[in-house]
Amino acid sequence: MAQAVITKSGRNDVVLIHGIHPTLVSAVVESLRTLSARGYHIVTVSHPRTTV
């Protein structure tokens, strides 16, 4: 799952992930670390980024 998120995410994409299963949680952590290191902006639904 993490590889799919990382390789398929592109400019102006929104990735929405929701779940509580342990494998999903670890995939989210890996995805967020990798995408953040690549300069992606990570936000939560409760606090969306309002400027581009």
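The values are calculated or read from the model by the stated rules, or taken from the named source; none is laboratory data. The structure presented is a predicted model; accordingly, all values stated were derived computationally and were not measured. Methodologically, a virtual Cβ is constructed for each residue, glycine included, from the backbone with ideal geometry; neighbour enumeration extends over all protein chains shown. Each accessible area value is taken on the protein alone, full model and side chains, heavy atoms only, with ligands, DNA and RNA left out. Shrake-Rupley method; radii C 1.70, N 1.55, O 1.52, S 1.80 Å.
So here's what we get for this one:
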{"quantity": "Residues of the stretch 5-23 satisfying the condition of being among the aliphatic types (A, V, I, L, M) and either open to solvent by less than 50 Å² (accessible area, probe 1.4 Å) or in contact (Cβ under 8 Å) with a residue 40 or more places away in the chain (or both)", "calculated": "Val5, Ile6"}
{"quantity": "Boolean, Leu35 is part of a loop (DSSP other than H, G, I, E, B) and either touching a residue at least 24 places away in the same chain (Cβ under 8 Å) or of a type outside the set (S, T, N, Q) (or both)", "calculated": "no"}
{"quantity": "Pick from the stretch 24-52, criterion surrounded by 10 or more Cβ atoms within 10 Å (Cβ to Cβ) and of a type in the set (S, T, N, Q), ranking: modelled with the lowest pLDDT", "calculated": "Ser26"}
